[in-house]
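> First, the structure itself, so that you have it in front of you.
The values are calculated or read from the model by the stated rules, or taken from the named source; none is laboratory data. Everything numeric in this text was worked out from a predicted model, so none of it was measured. FYI the Cβ positions are ideal-geometry reconstructions off the backbone, even for glycines, and counts take in every protein chain you see.
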């Protein structure tokens, strides 16, 4: 697993697309937090990072699929997938190696936003007037969200040999799992089951963690969805049909 992780992560860092994707992400979040009048911290005058944690997931819907789209699709298209499978590695080791490489790259892209926290911390009146435990909880929440999106992206990439198709499919699935259940729960179909339907979606659990509340039920939910997506990837990889 470690050799797959190392190979994938190093290939990301040696490719131009990784830096383009990370640059676009940081530029988008930076503009939303500091420039655009409707969301800029300096305009609404509160020392918090709600803009990052509220709008970050929508940027992730496109960022994460752009990172994960090459995971298996490129291997299949270039013909190196068969070579990878001949190595003394189990399917799970290959999947987890690729998943962790993608996940750590997303965390790598997210790390520079800590400078935003430092800036807001010092801009507070008095300096340090920011809900630090809440920010920590929100970072944990967005990290779990990144893990789920990475697992979805890995799944989408395992289903096709075309990276563009993998990107579109992953973006659609990320959008659907993040907002779909919340939207469906608002339909007049569920009566008392509306809350249950809403709890099936990512948004319900992410919103709880975005408020700084790290509940074990939310952690179990994110871990379960991630494991489910990777398990389906294992089934597809195990079929050897591509």
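> Just to confirm my filter: which helices (runs of 4 or more DSSP H) fall fully inside the stretch 170-242 and include at least 1 residues that are over 19 Å from the mean Cα position of the chain (by Cα) and buried (at least 16 other Cβ atoms within 10 Å of the Cβ)?
Here the list reads 181-185, 194-199, 216-239.
> Of the conditions (1) in a loop (DSSP other than H, G, I, E, B); (2) under 30 Å from residue 129 (Cα atoms); (3) in contact (Cβ under 8 Å) with a residue 24 or more places away in the chain, residue 36 clears all except one; give me its number.
With (1) in a loop (DSSP other than H, G, I, E, B); (2) under 30 Å from residue 129 (Cα atoms); (3) in contact (Cβ under 8 Å) with a residue 24 or more places away in the chain applied to residue 36, the lone miss is (3).
> Do we have residue 149 as within 18 Å of residue 61 (Cα to Cα), out of contact with any strand residue (DSSP E or B) (no Cβ under 7 Å at 6 or more places or on another chain), at pLDDT 90 or above and crowded, with 21+ Cβ neighbours inside 10 Å here?
yes
> Looking at (1) assigned to a helix (DSSP H, G or I); (2) crowded, with 16+ Cβ neighbours inside 10 Å, find the lone condition where residue 58 falls short.
Unmet for residue 58, out of (1) assigned to a helix (DSSP H, G or I); (2) crowded, with 16+ Cβ neighbours inside 10 Å: (2).
> Among the numbered criteria (1) modelled with pLDDT under 90; (2) touching a helix residue (DSSP H, G or I) at 6+ places or on another chain (Cβ under 7 Å), which one does residue 183 miss?
Looking at each condition in turn, residue 183 falls short on (2).
> For residue 92, only one of the following conditions fails: (1) buried (at least 17 other Cβ atoms within 10 Å of the Cβ); (2) in contact (Cβ under 8 Å) with a residue 40 or more places away in the chain. What is its number?
(1)
> Select from the stretch 113-128 the residues that are in contact (Cβ under 8 Å) with a residue 40 or more places away in the chain and surrounded by fewer than 15 Cβ atoms within 10 Å (Cβ to Cβ) and list them in ascending order.
Listed by number, the residues that qualify are 123, 124, 125.
Let's see how each residue does on (1) out of contact with any helix residue (DSSP H, G or I) (no Cβ under 7 Å at 6 or more places or on another chain); (2) without any contact (Cβ under 8 Å) to a residue 12 or more places away in the chain; (3) crowded, with 16+ Cβ neighbours inside 10 Å; (4) part of a helix (DSSP H, G or I):
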| site | (1), (2), (3), (4) |
| --- | --- |
| 20 | yes, yes, no, yes |
| 23 | yes, yes, no, yes |
| 27 | yes, yes, no, yes |
| 53 | no, no, yes, yes |
| 62 | no, no, yes, yes |
| 71 | no, no, yes, no |
| 87 | yes, yes, no, no |
| 96 | yes, no, yes, yes |
